[in-house]
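The structure under discussion appears below in the form of structure tokens.
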Amino acid sequence: MEKVMRMVVFGALAVATFQQVTTAQKDHVVGDNIGWVVPPTGASAYSTWASKNTFNVGDTLVFKFPSNIHNVQEVTKASFDECSTKFTRGPAISIGPANVTLKSAGDKYYICTVGKHCIAGQKLAIIVSGTGAPTSNAPKGIATPSPTPTPHARAESSPPSPALSSSTVVLTSFLLSASSIALALFFLNRSI
């Protein structure tokens, strides 16, 4: 019986540890070494960067830029394609570096609204996975910006779906771990 209890304790601790590891979030420095700037190679710089990364709910995008020189604005696909602020999601962030936590799964679009920076390629499209599974990185159908914006095809009809914040996920993970350890200790003490 004692051997079974030890196996239960070990199993509970293994599950608790696995739960902690699977909920780890990652910080992604947008553009790596170039940061969040008007890229010298155009929009392909950020689409190439996105294709080399996997984004999950709870991860953070770190946009490194000098304050009031650039900004970060989350937009709909229509606004992304047009390089416009017609359909935004939240306020623009103009104080750098800016940290944006990915709170829900799906396609996400970010632009710089300063001058013609977006038209020159300062824009980012990613796909966020809610499961931790690898994604195809950049949404399909993302075209390099054209110098003359075209009218949008449709407006976004509903806001993004709510998701658990990274704090909620971490707290839940901690409580699950603590419960597993308490349960394991309870059974261990009962067997002695």
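Throughout, read-outs are computed from the coordinates displayed, never taken from laboratory work. This is a predicted model, so every value here is computed, not measured. Here the Cβ is made from the backbone with ideal geometry for all residues, glycine too, and neighbour counts use every protein chain on show.
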Amide H neighbours of Phe87 at under 5 Å, excluding residues fewer than 5 places away on the same chain, with H built from the backbone geometry, are Thr76, Ser79
A chain fully extended from Lys26 to Ser67 at 0.36 nm per residue, minus the present Cα-Cα distance, gains in nm 12.4 nm
For Arg89 and Ser179, extending 7 Å from Cα along the Cα-Cβ vector and measuring point to point gives, in nm, a value of 3.0
